[in-house]
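**Q** I'd like to ask some things about the structure below.
The values are calculated or read from the model by the stated rules, or taken from the named source; none is laboratory data. What you are looking at is a predicted structure, and each value in this text was computed from that prediction instead of being measured. Heads up, the Cβs are rebuilt from the backbone with ideal geometry, glycines too, and the neighbour counts pull from every protein chain shown. Ligands, DNA and RNA are stripped out before the accessible areas are found, and what is left, the full protein with its side chains, is counted by its heavy atoms. Shrake-Rupley method; radii C 1.70, N 1.55, O 1.52, S 1.80 Å.
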Amino acid sequence: MSPRAGNYSCELEIRWSDFDQLGEVTDSTYIELAREARLRFVKDTWIRRGFTAPPMVVRHLEVDYLKPLLFGREKVKVELTVQAVTASSYTLRHELRDERGDVVAVVDSVLVAFDVDSRRQVELEPALQLMLTEYQAAADGEQ
Ligand SMILES: CC(C)(COP(=O)(O)OP(=O)(O)OC[C@H]1O[C@@H](n2cnc3c(N)ncnc32)[C@H](O)[C@@H]1OP(=O)(O)O)[C@@H](O)C(=O)NCCC(=O)NCCSC(=O)c1cc(O)c2ccccc2c1O
């Protein structure tokens, strides 16, 4: 798994309630942090460019917990890279780093474009698919 820089990143705060009794960030918090970073990615990239994307549902999620996030480290940097793009889906890798820059977890998620009424997958609009493919190429170029 690559610890290299992604092509979109943001910094997120960890809340007091995210720590357990042992002073470690709980397992589900990593998923919430990845989700928050993903929403910011959507907002800062395609919504800012004027795309109206369909709702995206999570089809697949995988988390690799590499190191504990300990009490006293209140910030996390999340680096996102597009790993794959298909007609209806894209795969995002979220690398979570602590304040020292160490990768503490890697979250991979497959997002599928979805029609809420029919509850069926739909194709990504071509311009959005192209943008995601460009992000994927940028990520490939950095590896
Ligand atoms: C999403 C589904 C309706 C799709 O079902 P279908 O069986 O038609 O298709 P597949 O699931 O086989 O494939 C879809 C698409 O994904 C690619 N893919 C599948 N698995 C993988 C994988 N492991 N790795 C990589 N890629 C994979 C596959 O190639 C297909 O792409 P193509 O382009 O090749 O066609 C159905 O699966 C479904 O309904 N699943 C349940 C989804 C769900 O409930 N998720 C739980 C969280 S809910 C959620 O995330 C959510 C978020 C929102 O933002 C919402 C917003 C508004 C309303 C609802 C929301 C919501 O529920």
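**Q** Leaving out ligands and nucleic acids, and using a 1.4 Å probe, what accessible area per residue does the range 8-134 come to in Å²?
**A** Details: 7090 Å² over 127 residues.
Using a 1.4 Å probe on heavy atoms only, each residue of the range 8-134 averages 56 Å².
**Q** Each residue of the range 65-77 in turn: what ³J(HN,Hα) in whole Hz from Karplus with 6.51, -1.76, 1.60 and θ = phi - 60°, glycine and Pro shown as x?
**A** For the range 65-77, the Karplus curve yields 8, 9, 9, x, 9, 9, 3, x, 9, 8, 10, 9, 9 Hz.
**Q** Now for a separate question. If you stretched the chain out fully between R73 and E123, how much longer would it get, using 0.36 nm times the residue separation minus the C-alpha to C-alpha distance? Mind showing how you got there, number by number?
**A** On the way: separation 50, 0.36 × 50 = 18.00 nm, distance 4.05 nm.
So the chain would gain 13.9 nm between R73 and E123.
**Q** Further, regarding this structure: About its Cα centre, how strong a charge dipole does the range 8-134 have in debye, to the nearest 20, once Lys and Arg get +1 and Asp and Glu get -1 at the Cβ? Kindly include the intermediate steps, with their values, before the conclusion.
**A** Working: 17 positive and 23 negative charges, 66 e Å.
About 320 debye.
**Q** Considering only protein heavy atoms and a 1.4 Å probe, what is the carbon-and-sulfur percentage of the accessible area of the chain?
**A** Details: 3940 of 8110 Å².
Answer for the chain is 49 percent, counting heavy atoms of protein chains only.
**Q** Given 0.36 nm per residue, what is the gain on full extension from Q21 to T52 after removing their alpha carbon distance, in nm?
**A** Going from the current span to full extension adds 6.9 nm.
**Q** Now for a different question. Could you estimate the translational diffusion coefficient of the chain from the Stokes-Einstein equation, with Rh from the Kirkwood formula over C-alpha pairs, at 20 °C and 1.002 mPa s, in whole µm²/s?
**A** On the way: Rh = 15.8 Å.
The estimated diffusion coefficient comes to 136 µm²/s.
**Q** Angle, helix 126-142 long axis vs. longest principal axis of the chain, Cα atoms, 0 to 90°, nearest 10?
**A** That helix lies at roughly 40 degrees to the long axis.
**Q** How far is the Cα center of the range 18-54 from the Cα center of the range 60-120, in Å?
**A** The distance from the Cα centre of the range 18-54 to that of the range 60-120 comes to 8 Å.
**Q** Right, another one. Nearest 10 degrees, 0 to 90: what angle lies between the long axis of helix 27-42 and the longest principal axis of the chain (Cα atoms)?
**A** With rounding to tens, the tilt is 40 degrees.
**Q** Still on this model: Provide the per-residue ³J(HN,Hα) series for the range 12-23, in order, calculated from phi with Karplus coefficients 6.51, -1.76, 1.60 and θ = phi - 60°, each as a whole number of Hz, with x at glycine and proline positions.
**A** 10, 8, 9, 8, 3, 6, 7, 8, 8, 5, 8, x
**Q** Which residue, chosen from G72, F19, S118, occupies the Cα position most advanced towards the positive end of the dipole of the chain, where the dipole is computed from +1 (Lys, Arg) and -1 (Asp, Glu) charges on Cβ about the Cα centre?
**A** Selected residue: S118.
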